Amino acid sequence: MIRRAGRNVTAAVFCLVWIFPVYWMVLTAFKPAGDILRPTPEFLPSAVTLDNFADALAKPGFVPGLVNSAVVVTAVVALSVVVAFLAATALTRFRFFGRRSFLVGVLVLQMVPVPALVIPLFLGLKSAHLLDTLAGLILTYVALVLPFTIWTLRGFLHGIPVELEEAAMVDGATRARVMRSVLLPLVLPGLISTSVFAFITAWNDFLFAYVIMKDSSGYTLPVWLVSFSTSTGTDYGGLIAASTLFALPVVVFFALVQRHLVEGMTAGAVKG
């Protein structure tokens with residue numbers, strides 16, 4: 001009983017440590033401007049206001065940033081999941097020259113620090129005339145998430161018996177039909193877990209969106225958040241309220257797919 005109580009207390013402490021920043025962000029978003037910068041913190045609101053959210057929504061660039069982020073994230077998730085599924089299927093079901101080298105390359109790419117890729121990707125997009133375009137930004141994010149998604153789905157596909165596909169092909173199913181009707185339903189948890197990673201990567205990124213997009217009309221929401229800090233100061237109330245709104249889509253997306261997330265991530269990490 002003592003050990004169980006100790007584990008429960010430890011888990012509760014860790015949960016509080018993790019959830020407190022989120023609580024503080026939401027609490028600050030509802031505080032009046034005069035209460036935000038008080039030297040003595042208040043852990044319970046003495047007054048509640050929606051003015052910060054109104055200021056955030058009225059800030060120029062919110063709607064274009066939201067549209068750009070939605071377009072980029074949707075395209076990145078769709079492209080990365082489709083390409084990773086096809087690549088992982090090829091790596092687990094076929095033997096071809098360079099297969100091992102490709103796997104080593106995928107693994108090595110996951111170890112490269114993301115900031116180290118800024119200049120190579122910038123020069124590549126410049127030579128392809130894709131700078132300052134949403135297409136260039138989408139391709140950049142797809143390139144960033146593909147190593148992880150391919151490796152995760154490869155591990156997940158290793159757990160699916162090949163005999164299921166062979167039985168379907170004996171019954172007359174084509175390779176495309178097998179992938180669509182046999183593999184796809186079975187690998188669905190893995191696809192969902194990788195889509196979460198792709199979603200979070202594309203939604204939260206500031207560095208590449210700021211470097212690649214020069215026209216403010218193409219900014220995504222992370223870049224738009226910088227507009228709350230100017231040479232005259234920082235609108236902390238509007239910034240925190242905007243950050244709260246910015247976090248909502250990730251929370252909603254995660255809540256919708258969380259049933260499959262743990263199963264997919266665990267299978268992709270330990271199998272194969």
Count, please, the residues in the stretch 23-56 that happen to be part of a helix (DSSP H, G or I), modelled with pLDDT under 90 and either open to solvent by less than 40 Å² (accessible area, probe 1.4 Å) or aliphatic (A, V, I, L, M) (or both). 3
Six or more apart or on different chains, Cβ atoms under 8 Å: show the pairs whose first residue is in the stretch 57-81 and in contact (Cβ under 8 Å) with a residue 24 or more places away in the chain and whose second is of a type in the set (Gly, Ala, Ser) and open to solvent by 60 Å² or more (accessible area, probe 1.4 Å). GLY61/SER216; PRO64/SER217
Somewhere in the stretch 134-153, is a residue open to solvent by 30 Å² or more (accessible area, probe 1.4 Å), of a type in the set (Phe, Trp, Tyr), outside any helix (DSSP H, G or I) and without any contact (Cβ under 8 Å) to a residue 60 or more places away in the chain? no
Per the list (1) of a type in the set (Phe, Trp, Tyr); (2) in a helix (DSSP H, G or I); (3) open to solvent by 40 Å² or more (accessible area, probe 1.4 Å), residue check on PHE97 breaks on (2)
Quick check on my filter: what residues within the stretch 1-29 are closer than 29 Å to PHE246 by Cβ and of a type in the set (Val, Ile, Thr)? VAL13, VAL17, ILE19, VAL22, VAL26, THR28
Do any residues in the stretch 157-168 that are under 12 Å from PRO185 (Cα atoms) and touching a residue at least 24 places away in the same chain (Cβ under 8 Å) have Cβ atoms under 8 Å from those of residues that are in a helix (DSSP H, G or I) and among the charged types (D, E, K, R), where the two are at least six apart or on different chains, and which pairs are they? LEU157/ARG93
Assess whether PRO222 counts as being assigned to a helix (DSSP H, G or I), at pLDDT 90 or above and of a type outside the set (A, V, I, L, M, F, W, C). yes
Residues that are in a loop (DSSP other than H, G, I, E, B), in contact with a helix residue (DSSP H, G or I) (Cβ under 6 Å, 6 or more places away or on another chain) and buried (at least 16 other Cβ atoms within 10 Å of the Cβ), drawn from the stretch 159-201: ILE160, VAL187
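The values are calculated or read from the model by the stated rules, or taken from the named source; none is laboratory data. This is a predicted model, so every value here is computed, not measured. All Cβ positions, even for glycine, are placed from backbone atoms using ideal geometry, and neighbour counts span all protein chains on display. Please note that ligands, DNA and RNA were not included when accessible areas were found on the heavy atoms of the full protein model with its side chains. Shrake-Rupley method; radii C 1.70, N 1.55, O 1.52, S 1.80 Å.
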